[in-house]
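Okay, so here's the structure we're looking at.
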Amino acid sequence: IYGEGYGALLAIIAACIDERVSRVVEHSPLVNWSSLAWNREYAWNVQMFLPGVLPHLDMEDIRAALVPRPLQIVNPLDHVRRVLPEAHIKEEFGEVYRAYREMGVQRNLRILSGSSGRRMKPTVEFFS
């Protein structure tokens, strides 16, 4: 399943609900809900907010729940819809990396940002 922007959130939720979804590609997804909660300025529509969810989970928890299924995240965006610099990927997605590593399926997680996220070939190969 493929989702872009708000659709990326719907894609990961759908995959958590329906195990028939064999792999997920998130293109230009919000990194996490925390980034919206902790910043006064944000560029995401109000539909991205889920009231009361943060005490229980954030988007990294949803993504980690997809293990062992393949997950590709292309050009994740921060609270003002800027592409997350490659240097911040490990920090922002640390729990997701850990979940895939602990299950021994780290090859099923691919996060592309910046120049690596501008090429469509990795996404086409991901579905092949």
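The values are calculated or read from the model by the stated rules, or taken from the named source; none is laboratory data. The shown structure was predicted, so the numbers you read here are calculated from the model rather than taken from an experiment. Cβ atoms come from the backbone with ideal geometry, glycine included; neighbour counts cover every protein chain shown. Only protein heavy atoms, including side chains, enter the accessible area calculation; ligands, DNA and RNA are left aside. Shrake-Rupley method; radii C 1.70, N 1.55, O 1.52, S 1.80 Å.
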Suppose the filter is in a helix (DSSP H, G or I) and at pLDDT 95 or above; does E60 pass it? yes
Consider A43 against the criteria (1) touching a Lys or Arg at 6+ places or on another chain (Cβ under 7 Å); (2) touching a residue at least 40 places away in the same chain (Cβ under 8 Å): it satisfies all of them except one. Which criterion is unmet? (2)
Search region 20-51 for residues being surrounded by fewer than 18 Cβ atoms within 10 Å (Cβ to Cβ) and among the charged types (D, E, K, R), and hand back the single one that is nearest to the chain's Cα centre (by Cα). R23
Within region 95-128, can you find the residues that are at pLDDT below 90, among the aromatic types (F, W, Y) and open to solvent by less than 50 Å² (accessible area, probe 1.4 Å)? F126
Being in contact (Cβ under 8 Å) with a residue 12 or more places away in the chain and either in contact with a helix residue (DSSP H, G or I) (Cβ under 8 Å, 6 or more places away or on another chain) or assigned to a loop (DSSP other than H, G, I, E, B) (or both) is the filter here, so list the residues in region 1-18 that pass it. I1, Y2, G3, G5, Y6, L9, I12, I13, C16
Scanning region 76-94 for residues that are in contact with an Asp or Glu (Cβ under 9 Å, 6 or more places away or on another chain) and surrounded by 15 or more Cβ atoms within 10 Å (Cβ to Cβ) gives P76, D78, H79, L84, E92, F93
